[in-house]
Amino acid sequence: MDEQKNPWTTLKSEKIYDSPWIALTKHDVLNPHGNPGTYSVVHFKNLAVGVLPLDKEYNTWIVGQYRYPINQYSWEIPEGGGNREVEPVESAKLELLEETGITANKWTKVQEMYLSNSASDEFCILFIAQELSFGEAEPEDVEELVCRKIHFDELYKLVQNGVITDSLTVAIVLKTKLLMLEGKI
């Protein structure tokens, strides 16, 4: 199998929906076995960014909010969408400030990933923020957030036990734990 060769053939594409955040395109295709089918793809116009703020005592800050798509409350790291024309770390700095009031002097990119590559092209970059300073949160008017200080070990247990299920939070917590075990954080 040639990993670089696309086995799908696109016959026709039609944009079904377009908003400032996403676009949905329906593709009439021939699948890898040559059979006709339909593949719909959600295109995300912004880059997803997430931040794990971490102080010297390994405390962190998470935010809670009601997530409309899943119809439930969610605790997660500060995260959001960043303009693709802006450096990802700058978008991450803005999200951290908006959601928690925290700024940081040290930024480490720790993970890049697709969030649901079977249905969308949403791409995410995750950062650890250190050397923290504290101010007032400045949430957007579409956000109703609660900010909570928590020790990293407690956050890790919440991820391990399946209490926290947000993909960005799960990914960065597990990656940070590995970096800690390797003595890199």
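Here are the numbers:
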{"quantity": "Check on Asp153, out of contact with any Asp or Glu (no Cβ under 8 Å at 6 or more places or on another chain) and either under 30 Å from Lys26 (Cα atoms) or assigned to a helix (DSSP H, G or I) (or both)", "calculated": "yes"}
{"quantity": "Gly64, sole failed condition from (1) more than 22 Å from Phe123 (Cβ to Cβ); (2) more than 16 Å from the chain's Cα centre (by Cα); (3) not charged (D, E, K, R)", "calculated": "(2)"}
{"quantity": "All positions within the range 97-146 that are in contact (Cβ under 8 Å) with a residue 60 or more places away in the chain, farther than 23 Å from Lys177 by Cα and outside any loop (DSSP other than H, G, I, E, B)", "calculated": "Ser120, Val146"}
{"quantity": "Single unsatisfied condition, His151 versus (1) surrounded by fewer than 16 Cβ atoms within 10 Å (Cβ to Cβ); (2) touching a residue at least 60 places away in the same chain (Cβ under 8 Å); (3) under 18 Å from Val89 (Cα atoms)", "calculated": "(3)"}
{"quantity": "Evaluation of Ser19 against (1) in contact with a strand residue (DSSP E or B) (Cβ under 7 Å, 6 or more places away or on another chain); (2) among the small types (Gly, Ala, Ser); (3) closer than 30 Å to Leu94 by Cα (one fails), failing number", "calculated": "(1)"}
{"quantity": "Among the residues listed as Glu136, Glu131, the single one being acidic (Asp, Glu), more than 18 Å from Ala92 (Cβ to Cβ) and more than 18 Å from the chain's Cα centre (by Cα)", "calculated": "Glu136"}
{"quantity": "Unmet requirement for Gly162, which otherwise passes all of (1) closer than 15 Å to Ser74 by Cα; (2) touching a residue at least 24 places away in the same chain (Cβ under 8 Å); (3) not in a strand (DSSP E or B)", "calculated": "(2)"}
{"quantity": "Residue match in the range 126-139 (condition: farther than 30 Å from Leu24 by Cα, surrounded by fewer than 17 Cβ atoms within 10 Å (Cβ to Cβ), assigned by TED's automatic domain parsing to the domain that holds Lys56 and of a type in the set (Ser, Thr, Tyr))", "calculated": "yes"}
{"quantity": "Hits in the range 1-17 (condition: outside any strand (DSSP E or B) and over 14 Å from Pro32 (Cβ atoms))", "calculated": "Gln4"}
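The values are calculated or read from the model by the stated rules, or taken from the named source; none is laboratory data. Keep in mind it's a predicted model, so treat the numbers as computed, not measured. Every residue, glycine as well, gets a Cβ built from its backbone with ideal geometry; the counts of neighbours run over all protein chains shown.
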